[in-house]
1. Pick from segment 32-66 the residues that are of a type outside the set (Lys, Arg) and exposed (fewer than 13 other Cβ atoms within 10 Å of the Cβ): which of them is nearest to residue 92 (Cα to Cα)?
2. So the check is Cβ under 7 Å with 6+ separation or different chains; which pairs have a first residue in segment 38-63 that's more than 15 Å from residue 6 (Cα to Cα) and a second one that's modelled with pLDDT under 90 and of a type in the set (Val, Ile, Thr)?
3. Condition check: at pLDDT 80 or above, in a loop (DSSP other than H, G, I, E, B) and touching a helix residue (DSSP H, G or I) at 6+ places or on another chain (Cβ under 8 Å). Does residue 60 satisfy that?
Amino acid sequence: MAKKYVYFFGAGKAEGAARCATSWGERVRSCEMTNLKIPVPPGFTITTEVCTYYYANRKKYPQELKEQVQKSLGRVEKAMGATFGDPKNPLLLSVRSGARVSMPE
């Protein structure tokens, strides 16, 4: 079975909720808010384990990553009724990096 690196959240549910605090970096807040039924836009989180993998494997991403991102992006598109890259009805995304622990700004 492939390792899971991408977790979807939205529509009142967060995948991998038990793992929120261990590998989601600062994006844990979206997971927590979703589980509390606070309305947050749907999205997905790429775990911080991808960074560890990248540097441990000669700057290569895990094979599973691309497919997992595409699947989660499709779920966000469906939830929002918009398509990424569509000139008539584009899906607008907010991309944010985060670390396992907060860093000083």
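The values are calculated or read from the model by the stated rules, or taken from the named source; none is laboratory data. Everything numeric here is computed off the predicted structure, so don't read it as measured data. Neighbour counts run over all protein chains shown; Cβ positions are idealised from the backbone, glycine included.
1. Residues of segment 32-66 of a type outside the set (Lys, Arg): 32-36, 38-57, 61-65.
Pick out the ones that are also exposed (fewer than 13 other Cβ atoms within 10 Å of the Cβ) and you get 36, 38-39, 52, 55-57, 63.
Numbers: 36: 24, 38: 20, 39: 17, 52: 28, 55: 30, 56: 32, 57: 32, 63: 26 Å.
The qualifying residue nearest to residue 92 (Cα to Cα) is 39.
2. That search, which allows pairs on different chains as well, returns 40/34.
3. Numbers: at pLDDT 80 or above: yes; in a loop (DSSP other than H, G, I, E, B): yes; touching a helix residue (DSSP H, G or I) at 6+ places or on another chain (Cβ under 8 Å): yes.
Yes, satisfied.
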